[in-house]
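To start, the structure under review is shown below, and the notes come after it.
The values are calculated or read from the model by the stated rules, or taken from the named source; none is laboratory data. Note that the structure is predicted; figures quoted are calculated from it, not measured. Every residue, glycine among them, receives a Cβ derived from its backbone with ideal geometry; neighbour counts consider all protein chains shown.
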Amino acid sequence: MKSRSASVVALALVAGLGVNGAFAQLKRDFEAEIRDALQSAKTASEFEFLGTLVRTCLLPQSGGEDTRDNVPGYVANPASAPPRDTWYAEPARVFDNLYFVGGKIHSSWALTTREGIILIDTIYPYNSEELIIGGMRKLGLDPKNIRYVLISHAHGDHIGGAAMLQTRYGVRVVMGGPDWDWVAKYPNRYKTMAPKRDIVASDGMKITLGDTTVTIWLTPGHTPGTLSYTFAVLDRGKPVNVAYSGGTAFNFVNNTPDPGIKNFQTYIESQKHIAAKAASTGATVLLSNHSEFDNAFNKNRMLAGRGNGRHPYEIGADWVQRYFQVMQGCARAAQLRLEQQSAETAMR
Ligand SMILES: [Zn+2]
């Protein structure tokens, strides 16, 4: 598509600004560009990342973040929380030092080290007690040993148990700066969930505990403070590198060219950023904070029948890269729709 984009730029330069510029913009074959972007996502996905493809390419996107400061129904009236059978999943020891303590749709991971536990994401307030605390106990881990809690982003399905863990066990909580600001701004929305402001993540920050380090990468897009991670785990004693994607759906204001086009660009740059870190660390495992996007729920069940075969989470470096290509292709298609809208408005 390079040649087409180049000719568009040339046309725009010749035509100058204003109506002529807009006319040159319309000369672009937006439909073809959108089709190409969607196709690149589908080609990258095949069957491995169908959940991600459906969520980001095919389902209608939300118009933007909910900015009302209302107490969520499941906090105001815990009896209204979704029934247990919709979210309960068995905890699992997935790698030698990485344990799944999440649910059917949302993930929480306990990374064990010689000097305590790093917990990644905390699911909802209504199921963090049973899934995280109960799950850890079931697997022989003591929740008192949690030292750090990393929150990929400040939505109720990931931050839900953070305040409880901070109050009960005195854990250190790490979150992106804009998301710390966000929870302070909406006290009702984060009632019972928001921890006291603690560690503000920066790009490349290392959280080290004992023999283990998690490196944090800023990947704004899903929320302005979304974090992704790279770290190593052990599979039967063999080191395996993991890339953890901290935000998936397009959740920011994205239904108008301004600021949507810019927001999608931020999102795309973030995917490139974490993809590059995944490549340079040799990541062969892709984890997401939603078990629907990395198939954690199914893969945990496959672990039991693994025998001497490949670890079900180890998909290889190429597939890890393809995950981020799916996200980029879908975001580019959505961004192109806004560019088309913008060009058409300029024509009127
Ligand atoms: Zn979210």
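Things worth noting here:
- PHE293 being in contact (Cβ under 8 Å) with a residue 40 or more places away in the chain, within 18 Å of TYR323 (Cβ to Cβ), assigned to a helix (DSSP H, G or I) and among the aromatic types (Phe, Trp, Tyr): yes
- Failed criterion for GLY309 (all others in (1) touching a strand residue (DSSP E or B) at 6+ places or on another chain (Cβ under 8 Å); (2) over 26 Å from TYR229 (Cβ atoms) hold): (1)
- Residues considered: THR223, THR219, THR215. Of these, the only one that is under 18 Å from the mean Cα position of the chain (by Cα), more than 23 Å from GLY73 (Cβ to Cβ), within 16 Å of the ligand (Cβ to nearest atom) and among the hydroxyl-bearing types (Ser, Thr, Tyr) is THR219.
- Count of the range 176-208 residues, restricted to those that are touching a helix residue (DSSP H, G or I) at 6+ places or on another chain (Cβ under 6 Å) and either in contact (Cβ under 8 Å) with a residue 24 or more places away in the chain or not basic (Lys, Arg) (or both), is 7.
- Out of ALA279, ALA283, sole residue that is more than 16 Å from the ligand (Cβ to nearest atom), touching a residue at least 24 places away in the same chain (Cβ under 8 Å) and crowded, with 18+ Cβ neighbours inside 10 Å: ALA283
- Of the residues screened, SER202 is not one that is of a type in the set (S, T, N, Q) and within 16 Å of the ligand (Cβ to nearest atom).
- Long-range neighbours under 6 Å by Cβ, at least six apart or interchain, first residue touching a residue at least 12 places away in the same chain (Cβ under 8 Å) within the range 313-328, second of a type in the set (Lys, Arg) and assigned to a helix (DSSP H, G or I): TYR313/LYS299
- Residues in the range 237-264 that are touching a strand residue (DSSP E or B) at 6+ places or on another chain (Cβ under 9 Å) and away from the ligand (no atom under 11 Å from the Cβ) were compared, and the one that is nearest to GLN335 (Cα to Cα) is SER245.
- Tally, over the range 81-120, of residues that are part of a helix (DSSP H, G or I) and not aromatic (Phe, Trp, Tyr): 3
- Candidates VAL253, VAL242, filtered to the one that is at pLDDT 95 or above and within 24 Å of ALA154 (Cβ to Cβ): VAL242
- Verdict on ILE216 being touching a Lys or Arg at 6+ places or on another chain (Cβ under 8 Å) and within 30 Å of VAL54 (Cα to Cα): yes
- Considering VAL233, VAL200, the condition of being crowded, with 20+ Cβ neighbours inside 10 Å and not in a loop (DSSP other than H, G, I, E, B) is satisfied by VAL233 alone.
- When the residues of the range 144-185 are filtered to those that are surrounded by fewer than 19 Cβ atoms within 10 Å (Cβ to Cβ) and not in a helix (DSSP H, G or I), the one that is nearest to the ligand (Cβ to nearest atom) is ARG172.
- Checking each residue in the range 147-175 for being of a type in the set (Lys, Arg) and touching a residue at least 40 places away in the same chain (Cβ under 8 Å) picks out only ARG147.
- Restricting the search to helices (runs of 4 or more DSSP H) fully inside the range 1-74 and requiring at least 2 residues that are more than 28 Å from GLY247 (Cβ to Cβ), at pLDDT 55 or above and not β-branched (Val, Ile, Thr) gives 18-27, 30-45.
- Test: residue in the range 332-345 that is of a type in the set (A, V, I, L, M), modelled with pLDDT of 95 or more and under 30 Å from THR86 (Cβ atoms): no
- Filter pass, PRO125 being in a helix (DSSP H, G or I), within 16 Å of the ligand (Cβ to nearest atom) and within 22 Å of the chain's Cα centre (by Cα): no
- Of all residues making up the range 105-133, the number that are surrounded by fewer than 21 Cβ atoms within 10 Å (Cβ to Cβ) and either of a type in the set (A, V, I, L, M, F, W, C) or closer than 13 Å to ASP294 by Cβ (or both): 2
- Taken together, SER228, SER270 contain a single residue that is surrounded by 21 or more Cβ atoms within 10 Å (Cβ to Cβ), in a strand (DSSP E or B), within 16 Å of the ligand (Cβ to nearest atom) and not aliphatic (A, V, I, L, M), which is SER228.
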